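Taking it in order: structure first as structure tokens, then the write-up.
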Amino acid sequence: MFTGIVEELGVVEGIEEQEDAIRLTVRAPFVTSDAGLGDSIAVDGCCLTVAEQEGEAFTADVMRATLDKTSLGGLQPGSRVNLERAVTAHTRLSGHLVQGHVDATGQVVARAPSEHWEVVEISLPEALARYLVDQGSITVDGISLTVVEVREGSFTVSLIPETLARTTLGSKKPGDQVNLEVDVIAKYVERLLPPQHSNTRDLP
């Protein structure tokens, strides 16, 4: 479990191609300072397991299913990635509950900068639209954000200078792919609601 508060911008040091997976090595001095084998680290919002840790870098195995569903397959050596260690019992929940299970990818549609913040529009797959509401929570590339407006086929978020400076969203361009995870609470609410039945009766 994560909070969507990015701790560090890591740098991809290596990608080892395998038949149905990759081994991803990321240099990250801060998050590796207390990382151990088997620990969970969110990489651009994807929960990965530390398989190796040496010096200031860690390596994780990324399966084909993850590569097909997320943007991790497009990473290259030198790419920057958002990183967050898993929460502990003593961690402040500054963002919202994030599982690190990417639901789908979207694309940056447009950016509208202003003096003190920047509004970013991101495409939204139709299947996820029902989980978003204005002022609700969304995770974009592992970043906990508040939805400003839900639109037809997209949504907007407002980014403060801190978010622009400390995460990859500061440099994403229109057309760039991003990982999306909707609020898990919305999924549970939908699951618990009784199915809706039509009030109309079949005519004889």
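Averaging sequence separations of C-alpha pairs under 8 Å and six or more residues apart, then dividing by the length of segment 8-85, give the relative contact order as a whole percent.
That works out to 40 percent.
Give the longest segment of the chain that steers clear of trypsin sites (Lys or Arg not before Pro) in DSSP loops with at most 10 neighbouring Cβ atoms within 10 Å, not counting the sites themselves.
93-200
Check cross-link reach from residue 172 to the aspartates and glutamates: straight Cα distance under 17 Å, and skip same-chain residues fewer than eight apart.
8, 44, 118, 121, 141, 162
For a quick check, take a GNM of the chain with Cα springs below 10 Å and name the residue from 137, 158, 114 with the largest mean-square fluctuation.
Highest fluctuation among the options: 114.
Starting at the first residue of segment 169-176, write each ³J(HN,Hα) from the Karplus equation 6.51 cos²θ - 1.76 cosθ + 1.60 with θ = phi - 60°, in whole Hz, x for Gly and Pro.
Working through the residues one at a time gives 5, x, 10, 5, 10, x, x, 5 Hz.
Find the eigenvalues of the gyration tensor of the Cα atoms of segment 96-204, then list the square roots of 5 times those eigenvalues as equivalent ellipsoid semi-axes, largest first, in whole angstrom.
Over the Cα atoms of segment 96-204, the ellipsoid semi-axes are 32, 15, 12 Å.
Please sort by residue number the GluC sites (Glu not before Pro) in segment 151-188 whose DSSP state is loop and whose Cβ has at most 13 other Cβ atoms within 10 Å.
Within segment 151-188, the qualifying GluC sites (Glu not before Pro) (loop, at most 13 other Cβ atoms within 10 Å) are 152.
Explain nothing, just the number: relative contact order of the chain, from Cα pairs under 8 Å at least 6 residues apart, as a whole percent.
23 percent
Could you tell me the convex hull volume per residue, in Å³, taken over the Cα atoms of the chain?
Measuring per residue, one finds 161 Å³ for the Cα hull of the chain.
If I build a Gaussian network model for the chain, linking alpha-carbon pairs within less than 10 angstrom, which residue out of 123, 79, 71 has the largest mean-square fluctuation?
79
Helix-only estimate, please: 222 nm mean residue ellipticity of the chain, summing -39500 (n - 2.57) across DSSP H runs of length 4 or more and dividing by its residues, to the nearest 500.
Value at 222 nm, helices only, nearest 500: -2500 deg cm²/dmol.
Would you please classify the overall shape of segment 1-108 from the alpha carbon gyration tensor, given that a ≥ b ≥ c denote the square roots of the eigenvalues, rounded means a/c under 1.5, and beyond that prolate means a/b larger than b/c while oblate covers the rest?
Oblate.
Here, each number is a calculation from the coordinates, and none is a lab measurement. Here the structure is a predicted model, which is why all the values come from computation and not from measurement. Cβ sites come from the backbone with ideal geometry, for glycine too, and all protein chains shown count toward neighbours.
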